[in-house]
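> Here you go, one structure.
The values are calculated or read from the model by the stated rules, or taken from the named source; none is laboratory data. Nothing here was measured: the structure is a model prediction, and the numbers come from that model. Heads up, the Cβs are rebuilt from the backbone with ideal geometry, glycines too, and the neighbour counts pull from every protein chain shown.
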């Protein structure tokens, strides 16, 4: 069955392993390049205020 190119195909974002836009590529690259650096800084952080802010941003609950 042929479908019209005007009809979009619904894609689940969770199952998608490719990028649709240049912005998605840039975001994925930024995450890949900075995630471990941020994690390393977080591991060395002993500032209660900063850690509390990060916990709030991430909705962390102890």
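> Could you grab the pairs with beta carbons closer than 8 Å, sequence gap of 6+ or different chains, first residue in region 41-62 and surrounded by 11 or more Cβ atoms within 10 Å (Cβ to Cβ), second one part of a loop (DSSP other than H, G, I, E, B)?
Partner pairs satisfying both residue conditions: 51/45; 54/60.
> Could we say that residue 33 is modelled with pLDDT of 90 or more and in a loop (DSSP other than H, G, I, E, B) here?
Numbers: modelled with pLDDT of 90 or more: yes; in a loop (DSSP other than H, G, I, E, B): no.
Answer is no for this residue.
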